[in-house]
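In what follows, a structure is listed as structure tokens, so that the remarks can point back to it.
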Amino acid sequence: MQAAAAAALALSALSVLLCPDFLCALRSPKPNQSDEAEPKQKNPPHIIFILTDDQGFNDIGYHNPNIKTPTLDKLAAEGVRLENYYVQPICTPSRSQLITGRYQIHTGLQHSIIRPSQPSCLPSNMDTLPERLREAGYTTHMVGKWHLGFYRRACLPTRKGFDTFFGSLTGSVDYYSYGSCDGPGLCGYDLHDDEGVAWGQEGKYSTTLFTQRARKILEIHDPADRPLFLLFSLQAVHTPLQPPKPYIYPYRDMANVARRKFAAMVSTVDEAVRNLTYALRKYGYYKNSVIIYSTDNGAQPFTGGSNWPLRGRKGTYWEGGVRGVAFVHSPLLKRRRRISKDLLHITDWFPTLVSLAGGNISQSRGLDGFDVWPTISEGKESPRQEILHNIDPLQKPRHSSDLWDTSVQAAIRVGDWKLLTGDPGHGDWVPPQVLPTLPGRWWNLERTLSSSRGSSAHKDIWLFNIAHDPYERQDLSDQRPDVVQRLLARLAYYNQTAVPVYFPPDDPRANPGEHGGAWVPWVDEDEEEESKYQGVYKKGRNNKKKRKKIKCRLCKLKSFFLKLNTRMMSNRI
């Protein structure tokens, strides 16, 4: 018996040596979720997802040698660079799509971000990526920025599938004081450990603090016991621009102060990733790990970031707002050291990682993502052929057509074609900032050229062939009306599946002054939730009926601030 057992053990060891890729036994699953549960892997990989904030296309070393990111460059070079990868143009939507695997139109988060005072969060009836991974046997941890709502305890990361959470709940936090504001005089402390406030951390730089917590998690956990999922969600390089002084010195020759500080903050991210990957090796995770690096949206050029040579910026549906920096690094990749130009989207991570973990995708109904691991690991063709960037109906219609109301802000990519309707945001090409002043003649020149190419003040349809024109300089909507009609039909199709927008007014009970000076959940769990869509835009053409002609100062004021928030989306958040 002992001899037989020894022989079996030797045979098992030999099989591992012959097949070092623990994923070699996996079959390529069908696109999207399947109806049959997939068998669990014997040795599922540890998954480390690194999410940065507001890092633009031109804000990494392998796109721009002026940015010093040796660690990120090396990891990307040894893995797979994703050069046709898309995210959402602002924070909350990207994070919601990563966590749920669904488009915004299916979560009610089509419009703007979740502000600190808004009673909003991920839908309570929708499963999440960490929940599915935990069901597959993973221990799940999140460190860093949440920004998916917290007005109830049920909205917190620890109630959405994470075993532990350490970080901030709001969207923009001071890197040293951890103060976060939602307007003048409405500020509070925002650093949390699980479901409690992590007081007393003032003066510690958040990128360093988050890295220390992530390394501690890796040190305490036994990688041989259970697989680990870590969402390392840095607030860098989001404003405020607060890099430690030593990181600024290598960029001292940059004339633009904002660009200099921004570049220094990118370098702090590079160092954080270096320390994290060192810990993965030190504590025995690396050989069976998958490291994913992704930004959440494009950069803000006038606060130091750069999407050059792409058009647009954060908060817009031009390529500069939605084409993301990303790569995958893993010893488990079958084809490494290459660049992938396959079409990929942030919703794809949900089914990809659950399948990779040996989890059950069939329980997650309505996913908009695809399992793209065969595309990333083996270079197979991507199952994704189109991306709905978004449909945001909270815009004032000017006119409509039989097929689609072209005043509605929307964007879709089908194959090589990209269609935008409504107001896609400021469509500027902003060169790397080397001047110490605000936008000058070069910026005005770009705007003049773009507006003179047959565009009118009321233009609301654009069409581009992204494969041939990635910089979106040649609008083909007049030359190819057939393609326009086909893509408008796709928008109309998607819109039939959309849920109403959930964008409630601020709740004064959120005021940190009412809760000891910190941003915390303010609605009791036993308090009945109000009608979710009361007073919020609902899909359909019945909105014009019976408009009340109430002319009061308060009504006008509310309307003004709603419009102001929409216009400021690409500037303020």
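The values are calculated or read from the model by the stated rules, or taken from the named source; none is laboratory data. These numbers come from a predicted model, not from an experiment. Glycine also receives a Cβ, built like all others from the backbone with ideal geometry; neighbour counts cover every protein chain displayed. Keep in mind that these areas ignore ligands, DNA and RNA; they rest on the heavy atoms of the full protein, side chains included. Shrake-Rupley method; radii C 1.70, N 1.55, O 1.52, S 1.80 Å.
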| task | From ARG490, ARG509, ARG480, grab the single residue that is more than 26 Å from SER112 (Cα to Cα), open to solvent by 60 Å² or more (accessible area, probe 1.4 Å) and modelled with pLDDT of 50 or more. | result | ARG480
| message | Exactly one condition in (1) out of contact with any Ser or Thr (no Cβ under 9 Å at 6 or more places or on another chain); (2) modelled with pLDDT of 95 or more is false for PHE302; which is it? | response | (2)
| From the list LEU344, LEU367, which residue is surrounded by fewer than 24 Cβ atoms within 10 Å (Cβ to Cβ), within 19 Å of the chain's Cα centre (by Cα) and aliphatic (A, V, I, L, M)? | LEU367
| field | Pairs where the first residue, in the stretch 121-136, is closer than 13 Å to ALA154 by Cα and part of a loop (DSSP other than H, G, I, E, B) and the second is modelled with pLDDT of 95 or more and open to solvent by 20 Å² or more (accessible area, probe 1.4 Å), C-beta under 8 Å, 6+ apart | value | CYS121/ARG152; CYS121/ALA154; SER124/ALA154
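Picking from THR158, THR100, which residue would you name as being open to solvent by 10 Å² or more (accessible area, probe 1.4 Å) and among the β-branched types (Val, Ile, Thr)? Spell out the reasoning first.
On the way: THR100 fails: open to solvent by 10 Å² or more (accessible area, probe 1.4 Å).
From the options THR158, THR100, the qualifying one is THR158.
For the stretch 493-506, enumerate the residues that are surrounded by 13 or more Cβ atoms within 10 Å (Cβ to Cβ) and of a type outside the set (Gly, Ala, Ser).
Across the stretch 493-506, the qualifying residues are TYR494, ASN495, THR497, VAL499, PRO500, VAL501, TYR502, PHE503, PRO504, PRO505, ASP506.
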| said: Please count how many residues of the stretch 200-224 are in contact with a Leu (Cβ under 9 Å, 6 or more places away or on another chain), open to solvent by less than 40 Å² (accessible area, probe 1.4 Å) and under 27 Å from GLY61 (Cα atoms). | reply: 6
| task | Pairs only if they're at least six apart or on different chains, beta carbon under 9 angstrom, first in the stretch 77-90 and under 26 Å from ARG102 (Cβ atoms) and among the small types (Gly, Ala, Ser), second part of a strand (DSSP E or B) and modelled with pLDDT of 95 or more; list them, first residue then second. | result | none
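Only residues that are part of a strand (DSSP E or B) and open to solvent by 30 Å² or more (accessible area, probe 1.4 Å): list them for the stretch 180-194, please. Quick ask: steps written out before the conclusion?
Filtering the stretch 180-194 for residues part of a strand (DSSP E or B) gives 180-181, 187-189, 192-193.
Once the filter is applied, which keeps residues that are part of a strand (DSSP E or B) and open to solvent by 30 Å² or more (accessible area, probe 1.4 Å), the stretch 180-194 yields CYS181, CYS187, ASP193.
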| query | Just wondering, is there one or more residues in the stretch 276-288 that are within 25 Å of the chain's Cα centre (by Cα), polar (S, T, N, Q) and open to solvent by 30 Å² or more (accessible area, probe 1.4 Å)? | reply | no
| said: Need pairs with beta-carbon distance below 6 Å; first residue within 18 Å of HIS389 (Cα to Cα) and aromatic (Phe, Trp, Tyr) and within the stretch 475-503, second at pLDDT below 95 and surrounded by 16 or more Cβ atoms within 10 Å (Cβ to Cβ); sequence gap 6+ or separate chains. | reply: none
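Residue-by-condition table, conditions (1) open to solvent by 50 Å² or more (accessible area, probe 1.4 Å); (2) outside any helix (DSSP H, G or I); (3) β-branched (Val, Ile, Thr):
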residue: ARG226; (1), (2), (3): yes, yes, no
residue: PHE232; (1), (2), (3): no, yes, no
residue: PRO243; (1), (2), (3): no, yes, no
residue: ILE248; (1), (2), (3): no, no, yes
residue: ALA258; (1), (2), (3): no, no, no
residue: SER267; (1), (2), (3): no, no, no
residue: VAL273; (1), (2), (3): no, no, yes
| said: Which condition from (1) open to solvent by less than 10 Å² (accessible area, probe 1.4 Å); (2) in contact (Cβ under 8 Å) with a residue 40 or more places away in the chain is the one that THR352 breaks? | reply: (2)
| task | Kindly state which helices (runs of 4 or more DSSP H) lie completely within the stretch 345-452 and contain at least 1 residues that are modelled with pLDDT of 85 or more. | result | 349-356, 373-378
